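*Asks:* I'd like to ask you about the structure that follows.
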C-alpha cells in the first residue's frame, strides 16, 4: 500500500512540475507580446 501511495505522490509532483513550467513559459510569452504592443504603441 505504501508503495502505491508513493507512486501516486510521485505522479502528482511530476504533474505539478509540468504545469508550473508551462505556466512560466506562457508568462514569458505574454510578456513578449505585451512588450511588442508597447513598442508598437510608442511607434505610432
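*Asks:* Take 42, 34 and order them by how many other Cβ atoms sit within 10 Å, fewest up front.
*Replies:* Lowest count first: 42, 34.
*Asks:* Hey, another quick one. For the chain, find the longest principal axis of its Cα atoms and tell me its angle to the long axis of helix 2-43, 0 to 90°, nearest 10.
*Replies:* 0
*Asks:* What Kirkwood hydrodynamic radius do you get for the chain when you take the inverse of the mean 1/r over all pairs of distinct Cα atoms, in Å?
*Replies:* 13.0
We did not get these values from a lab; they are worked out from the coordinates using the rules stated. Small disclaimer: the values here were computed from a predicted structure and weren't measured. Using ideal geometry, Cβ is built from the backbone for each residue, glycine included, and neighbour counts are taken over all protein chains shown.
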